[in-house]
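The values are calculated or read from the model by the stated rules, or taken from the named source; none is laboratory data. Since this is a predicted model, take the numbers as computed values, not measurements. Every residue, glycine among them, receives a Cβ derived from its backbone with ideal geometry; neighbour counts consider all protein chains shown. These area figures cover heavy atoms from the full protein model, side chains too; ligands, DNA and RNA do not enter into them. Shrake-Rupley method; radii C 1.70, N 1.55, O 1.52, S 1.80 Å.
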6 protein chains.
Amino acid sequence: MYSVSVREHFMIAHSFQGEVFGPAQRLHGATYVVDVEFRRLDLTPEGIVVDIGRAGIALKAVLDELNYRNLDEDLALAGKNTTTEFLARLIFDRMGARIAAGELGPGAAELTSMKVTLNESHVAWAAFEGPVEMA
Amino acid sequence: MYSVSVREHFMIAHSFQGEVFGPAQRLHGATYVVDVEFRRLDLTPEGIVVDIGRAGIALKAVLDELNYRNLDEDLALAGKNTTTEFLARLIFDRMGARIAAGELGPGAAELTSMKVTLNESHVAWAAFEGPVEMA
Amino acid sequence: MYSVSVREHFMIAHSFQGEVFGPAQRLHGATYVVDVEFRRLDLTPEGIVVDIGRAGIALKAVLDELNYRNLDEDLALAGKNTTTEFLARLIFDRMGARIAAGELGPGAAELTSMKVTLNESHVAWAAFEGPVEMA
Amino acid sequence: MYSVSVREHFMIAHSFQGEVFGPAQRLHGATYVVDVEFRRLDLTPEGIVVDIGRAGIALKAVLDELNYRNLDEDLALAGKNTTTEFLARLIFDRMGARIAAGELGPGAAELTSMKVTLNESHVAWAAFEGPVEMA
Amino acid sequence: MYSVSVREHFMIAHSFQGEVFGPAQRLHGATYVVDVEFRRLDLTPEGIVVDIGRAGIALKAVLDELNYRNLDEDLALAGKNTTTEFLARLIFDRMGARIAAGELGPGAAELTSMKVTLNESHVAWAAFEGPVEMA
Amino acid sequence: MYSVSVREHFMIAHSFQGEVFGPAQRLHGATYVVDVEFRRLDLTPEGIVVDIGRAGIALKAVLDELNYRNLDEDLALAGKNTTTEFLARLIFDRMGARIAAGELGPGAAELTSMKVTLNESHVAWAAFEGPVEMA
């Protein structure tokens, strides 16, 4: 299996509901350094997994919807704890929607799976991975 | 699949038996930067993979049993080469025992698998991964 | 010159005032991975720059005053843009006050200078450095 | 499953054919920091995945065939776009041939799979992984 | 002293003249991950060292003049060995020219010094630092 | 000022004398990832700071004297706490002796200063820097 990965970041404010979160129940924030891994069984005729230029533009568009915001005020996320693992899935789904919409080019139809990792500090990170059609 | 990872470290002395180890047959030591990845299929109602606070406490307890010691004198490891890959499995097993004992909370029962990676330098690392019940 | 450095992190929400900040004028947040470098000309009789245990406790105490908070609501910071470079100086000053108060032990009196670096993402960081008595 | 990974690097010039590559159609170059992960189900009697000394020598030999060269002039690669993902597979195959030739020792026959990752910058990397016999 | 640093990268082909370079006399290439550190004694009224948005645009413009090229064919560099340390100085000078031309905004006039670091692999890097007016 | 840096590592056992060290008074060990920075005011006619090949050989020779050993049994270090900062100075001095002996080539006579950093984990490191003639 082949894979290609790209890295970007975004910076948000949020708070969590539930005693398990301790002081993170207060409004705070995070920088998330995001790695998206695209996987397929064979390379395209050009010898690539995906058009990395288009993939980067799509990822930036997905992150721009979240970047420099207070996620507690994002209506699409109301009632959710926007934990690192939750956000990994959210970005997975939104990248999948852009693949389905053709934004990564026709070759992207042969991507089999993706993994989205959010690094929240030098000592903690979370990820979601699955088949592209799961998105 | 969702995953959450945490990082800690420990520092030990040890030596290896066997010609394959060359100069590492002498008493020497290592810093191991340990990454433990916890995996499950779905998030808890709070939106998490595992209570990261409890997971960190359990990992620190496991590493404290090894930290600042000469592993050649650890009776539980007698007759074993405490290679990086061996230690990855040891920590996997000991984390699994703490999960089974409920130390990571009741939600941890739904963890499906774990991966323990020990980074021994900027150019070498080893890992063990498997189902939690393997521990 | 000798130096010893330790790393910790904290996670906050904040917003900035001024057109130069563009979308960062909105309430957002950041993870700051903080490196504090302690410098002196000679080692103590024990062969150290500073008691790293005490230094780590002091740094954690300084960061706990900021961690998991909305800095826009911190009265001590009212009217200030809590940029990465501003926060580097703030932590420098607060570490200096703890050194002056003896929290790092008597040997810390011979520290000559410090550097505080805040890593805000994989592509940006800021620092403040100066003589300890500047703090 | 156990794994051991080693890191090396090589530096090459090349160019790509195809509009999808934009300015990378020009002759340019890259540093590739290469991670090779060796996997097996159980450890050898010595407690290792593979003789890391021999593995490192084999990897260096594979990379020396590419290092400090213009890949556009390598007859073995004629007509190919030597993308990061293509090179990951190439190195996977060449490492597999050396395993089959016994260069990593007899114990290496029990390696089940390998993963070769090429880091081309701080924001992009690619990999190929598969069963050893696929090489 | 305050500093702010930003990271970017570029990818080039080149060769070196002189026996000291060994196999690097052949046409090969490199990825350079570039860190530019901007320094000043005090913060601007907004609480910053420099407009990081403008600094990033200027750095990208400087690197675009080199990126995806064979430096052996760059007339401005004829007769020069474009070593990592040479390129660090070149980028220092070109950033300095853009500061002098006002591209980083009027506040950039108070920058005192800069450091440009080029990371060429996980085991080697080079830098040039000096007063801004040296550029 | 120009600088060039190279990275290597070594792995040792040792123990410390003194209550300040807590559990590190027991025999334990460490991996040290060593960065040596060589500095000079101008480049050589070839456009380099130092012959990086020779510098790497000298560094490896210095580290081989320590690597895979129990420093408590090294007669040259008897009565010393081999802390990270102490070892940084030791390596600085030994590199300086090799420069003085001509091992880095005649051009190395114009090196003005060096910095030796020992990274002992992902959260702690120490360094010694000074004029080359101080070694």
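List of remarks:
- Conditions (1) within 30 Å of D:ARG89 (Cβ to Cβ); (2) basic (Lys, Arg); (3) free of Cβ contacts under 8 Å to residues at least 40 places away in the same chain; number of the one not met by A:LYS80: (1)
- All conditions in (1) within 14 Å of chain A (Cβ to nearest Cβ); (2) acidic (Asp, Glu); (3) under 13 Å from the mean Cα position of the chain (by Cα) hold for C:ASP93, with the sole exception of (1).
- Summed over the stretch C:1-38, residues that are aromatic (Phe, Trp, Tyr), outside any helix (DSSP H, G or I) and more than 28 Å from A:PRO23 (Cα to Cα) total 2.
- Verdict on E:LYS60 being of a type in the set (Lys, Arg), within 19 Å of F:THR44 (Cβ to Cβ) and either out of contact with any strand residue (DSSP E or B) (no Cβ under 8 Å at 6 or more places or on another chain) or open to solvent by 10 Å² or more (accessible area, probe 1.4 Å) (or both): no
- Among the residues making up the stretch C:27-51, a single one is of a type in the set (Lys, Arg) and either in contact with a helix residue (DSSP H, G or I) (Cβ under 8 Å, 6 or more places away or on another chain) or open to solvent by 50 Å² or more (accessible area, probe 1.4 Å) (or both): C:ARG40.
Residues checked against (1) farther than 18 Å from E:LEU43 by Cα; (2) touching a strand residue (DSSP E or B) at 6+ places or on another chain (Cβ under 9 Å):
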| site | (1), (2) |
| --- | --- |
| C:LEU71 | yes, yes |
| C:ARG89 | no, yes |
| C:GLY96 | yes, yes |
| C:GLU103 | yes, no |
| C:VAL123 | yes, yes |
| C:ALA127 | no, yes |
| C:MET134 | no, yes |
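- Contact annotation: residue pairs with Cβ atoms under 8 Å, 6 or more positions apart or on different chains, pairing a residue in the stretch E:43-55 that is more than 7 Å from every other protein chain (Cβ to nearest Cβ) with a partner that is open to solvent by less than 20 Å² (accessible area, probe 1.4 Å) and in a loop (DSSP other than H, G, I, E, B), are E:VAL50/E:LEU104; E:VAL50/E:GLY105; E:VAL50/E:LEU111; E:ARG54/E:LEU104; E:ARG54/E:GLY105; E:ALA55/E:LEU104.
- Among (1) within 9 Å of another protein chain (Cβ to nearest Cβ); (2) buried (at least 22 other Cβ atoms within 10 Å of the Cβ); (3) farther than 30 Å from B:SER15 by Cβ; (4) not charged (D, E, K, R), the one test that B:THR83 misses: (3)
- Scope the stretch C:105-132; condition farther than 30 Å from D:ALA124 by Cβ and over 15 Å from the mean Cα position of the chain (by Cα); matching residues: C:GLY105, C:PRO106, C:GLY107, C:ALA108, C:ALA109, C:GLU110, C:LEU111, C:THR112
- Considering the stretch B:109-135, the residues that are open to solvent by 30 Å² or more (accessible area, probe 1.4 Å) and among the small types (Gly, Ala, Ser) include one that is modelled with the highest pLDDT, namely B:ALA109.
- Residues being part of a loop (DSSP other than H, G, I, E, B) and at pLDDT below 95 - total across the stretch E:80-108: 1
- Considering (1) farther than 22 Å from C:VAL20 by Cα; (2) assigned to a strand (DSSP E or B), the lone condition that E:MET114 does not fulfil carries the number (1).
- Residues satisfying the stated conditions in the stretch B:63-79, i.e. part of a helix (DSSP H, G or I) and within 14 Å of chain D (Cβ to nearest Cβ): B:LEU71, B:ASP72, B:LEU77
- Selection status of D:VAL132, without any contact (Cβ under 8 Å) to a residue 40 or more places away in the chain, touching a Leu at 6+ places or on another chain (Cβ under 9 Å) and aliphatic (A, V, I, L, M): yes
- The one condition from (1) within 10 Å of another protein chain (Cβ to nearest Cβ); (2) touching a residue at least 40 places away in the same chain (Cβ under 8 Å) that A:VAL36 does not meet is (1).
- Options A:ALA88, A:ALA24; residue that is closer than 26 Å to B:LYS115 by Cβ, open to solvent by less than 20 Å² (accessible area, probe 1.4 Å), small (Gly, Ala, Ser) and within 14 Å of chain C (Cβ to nearest Cβ): A:ALA24
Table: residues versus (1) hydrophobic (A, V, I, L, M, F, W, C); (2) within 24 Å of B:GLU19 (Cβ to Cβ).
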position: B:ALA55; (1), (2): yes, no
position: B:ASN67; (1), (2): no, no
position: B:ASP74; (1), (2): no, yes
position: B:GLU85; (1), (2): no, yes
position: B:ILE91; (1), (2): yes, no
position: B:ALA109; (1), (2): yes, no
position: B:GLU133; (1), (2): no, no
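- Within the stretch C:1-21, the residues that satisfy the criterion of being open to solvent by 30 Å² or more (accessible area, probe 1.4 Å) and either of a type in the set (Gly, Ala, Ser) or within 26 Å of B:VAL33 (Cα to Cα) (or both) are C:ARG7, C:GLU8, C:HIS9.
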